[in-house]
Amino acid sequence: MLDSTVWTVDEAPAIDRVLAFDDNAGSIAVVDAKGFPGRLDLRETDVLRAAKTKLTSLSSVNGSDIYGVNSKGEIIRLNPNSADWKFKPSVPARAVFAQPNGDLIVSANKGAQTLVWRVHPPDDAAEDSAVLPLAGRAVRTQLGDRIYFTVDSGLVGVKGKDLSPLGAVPLTSRVRALAPTPSGDRLYVATIGDSAISIVDRYTGRLQSGLTLPAPPLDFRMDPLGRYLLAQFPAQDSAWVIAIGNNKLLGAVQTRWESDLPAITPDGRIVLLGAKDVKLVDPQKLDVQSTVTGGAKDYWYFFAWDGFRPRAQVTFPSDSQPFDSVAANPTTSGTYVPPVGADTTMTAPPSAQPAAGFIVSFAALLSEEKAQQVANAIKVGDTQAHVLSTTTAGSPIFRVVMGPFSTRQEAERIGRASRREYWIYEGSP
């Protein structure tokens, strides 16, 4: 296992980019500003650096397993449960692409060729291989069913499931930018010195008529939900907004172009990066809807998540009660229909009764010892954080909290003074 380092959020290096989010574990795989992979666990206030050795071509699809290429050209898997893994291809690897089905697509250059392998960890032997013309950058579709490589004046590709080749797509010059739609049905391509955007249809492999911008774009950024495409303006801090549905140029917006912004939120707004502030605009009218003062100093990442929620309680019939089709079938709402005569009365335990006032919560951990360590490190004036034991989905959760406080304002003051990430709950968290 590679060595790791733990920081609090305030101590950790700045995030350079996000690799993936694990909504089950609440873990975000990131790359910090120094180029090291790490994980941010939303249950804690600590950031874990996953390795002390720099890796290139970092990739993750689940927010837990992080893959990269070490200095020897080997593929390394970093796993939070010490299930690290290594693959040594016959030629030093140049890039790795983690796939949603658990496969890895690995590429390496050898002479005038690019070699591609498909591997399924923890197996250490390639299941498929392919040979392509010498390629440059590559991009995979969100579904992982296609990998496209740029070659001299064109594109080549392989299918993710077996590395069978896709038809070559000839272009007039070298590729400058490319971005697939989330479904992979289209691939938007910009070539050097050309203001026109070419669109590759995945089903025919042919170029479709696209649109022409006022100038050649430098880069693309695709909406994760496939509604809009952002194109970077070549000469100043601006971007064009393109509607994917009809390939219509909606207009231009002023924004700096960094690894996190501009971006499109899950609810469809465009987030623009200014010198100091961040602005959220309507994608159709391009007018400002809200401004986050001072937001430019932060790293932005948008995701949909409902947090850690207890699972619905399901009551099963006793041995003496027949498990017939009526009792077993759920309702259309997904609620279990109990057997006739079953006692469905639920009495909340004393610990579930809400406490009066407002609680400041700093972390929710599975380890009581770890929670106590975190609590011992948090003190505001004469107030020391303490550990509150709760139960979620039948599992013990140890929360690091302060309070209760009589008002939300007082709880907010304590949270800010702690200089930690915190949440405010009315009653029990």
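The values are calculated or read from the model by the stated rules, or taken from the named source; none is laboratory data. All of these numbers come straight from a predicted model, not from anything done at the bench. Note that each Cβ is placed from the backbone with ideal geometry, even for glycine, and that neighbours are counted across all protein chains shown. Ligands, DNA and RNA are excluded from the accessible area calculation, which covers all protein heavy atoms including side chains. Shrake-Rupley method; radii C 1.70, N 1.55, O 1.52, S 1.80 Å.
Considering only segment 255-307, give the strands (runs of 3 or more DSSP E) lying wholly within it that have at least 3 residues that are of a type outside the set (S, T, N, Q) and at negative phi.
Here the list reads 270-273, 278-281.
Of all residues in segment 45-100, which are assigned to a strand (DSSP E or B), charged (D, E, K, R) and touching a Lys or Arg at 6+ places or on another chain (Cβ under 8 Å)?
Passing the criteria: R77, K86.
Residue check: is T255 modelled with pLDDT of 95 or more, surrounded by 15 or more Cβ atoms within 10 Å (Cβ to Cβ) and either in contact with a Gly (Cβ under 8 Å, 6 or more places away or on another chain) or farther than 21 Å from L225 by Cα (or both)?
Yes; evaluated as a whole, the condition is true for this residue.
Looking at (1) in contact with a Pro (Cβ under 7 Å, 6 or more places away or on another chain); (2) open to solvent by 20 Å² or more (accessible area, probe 1.4 Å); (3) at pLDDT 90 or above; (4) aliphatic (A, V, I, L, M), which is the one condition that is false for L78?
Evaluating L78 over (1) in contact with a Pro (Cβ under 7 Å, 6 or more places away or on another chain); (2) open to solvent by 20 Å² or more (accessible area, probe 1.4 Å); (3) at pLDDT 90 or above; (4) aliphatic (A, V, I, L, M) leaves (2) as the failure.
In segment 24-35, which residues are modelled with pLDDT under 85, on the phi < 0 side of the Ramachandran plot and either surrounded by 15 or more Cβ atoms within 10 Å (Cβ to Cβ) or in a strand (DSSP E or B) (or both)?
A25, S27 - these are the residues of segment 24-35 that are modelled with pLDDT under 85, on the phi < 0 side of the Ramachandran plot and either surrounded by 15 or more Cβ atoms within 10 Å (Cβ to Cβ) or in a strand (DSSP E or B) (or both).
Please pick out the residue among S183, S82, S90 that is under 21 Å from F220 (Cβ atoms) and of a type outside the set (K, R).
After ruling out the rest, the residue left standing is S183.
Report those strands (runs of 3 or more DSSP E) wholly inside segment 311-429 carrying at least 2 residues which are of a type outside the set (F, W, Y), open to solvent by less than 90 Å² (accessible area, probe 1.4 Å) and at pLDDT 50 or above.
It comes to 358-365, 386-392, 395-405.
Please identify the pairs in which a residue from segment 266-286 that is of a type in the set (F, W, Y) has its Cβ atom under 8 Å from the Cβ atom of a residue that is open to solvent by 10 Å² or more (accessible area, probe 1.4 Å), counting only partners at least 6 apart or on another chain.
none
Quick one: which residue in Q289, Q284 is open to solvent by 90 Å² or more (accessible area, probe 1.4 Å), at pLDDT 50 or above and within 30 Å of A14 (Cβ to Cβ)?
From the options Q289, Q284, the qualifying one is Q289.
Tell me yes or no: at least one residue of segment 258-275 is open to solvent by 50 Å² or more (accessible area, probe 1.4 Å), touching a Phe, Trp or Tyr at 6+ places or on another chain (Cβ under 6 Å) and within 27 Å of R176 (Cβ to Cβ).
Checked against the condition, which is being open to solvent by 50 Å² or more (accessible area, probe 1.4 Å), touching a Phe, Trp or Tyr at 6+ places or on another chain (Cβ under 6 Å) and within 27 Å of R176 (Cβ to Cβ), segment 258-275 yields no hits at all.
Restricting to segment 105-139, and then to whatever is open to solvent by 50 Å² or more (accessible area, probe 1.4 Å) and not in a loop (DSSP other than H, G, I, E, B), can you tell me which residue is nearest to S71 (Cα to Cα)?
Step by step, filter segment 105-139, then rank; the result is N109.
Among the residues of segment 98-109, is there at least one that is under 25 Å from F149 (Cα atoms), in contact with a His (Cβ under 6 Å, 6 or more places away or on another chain) and in contact (Cβ under 8 Å) with a residue 40 or more places away in the chain?
Scanning segment 98-109 turns up at least one residue that is under 25 Å from F149 (Cα atoms), in contact with a His (Cβ under 6 Å, 6 or more places away or on another chain) and in contact (Cβ under 8 Å) with a residue 40 or more places away in the chain.
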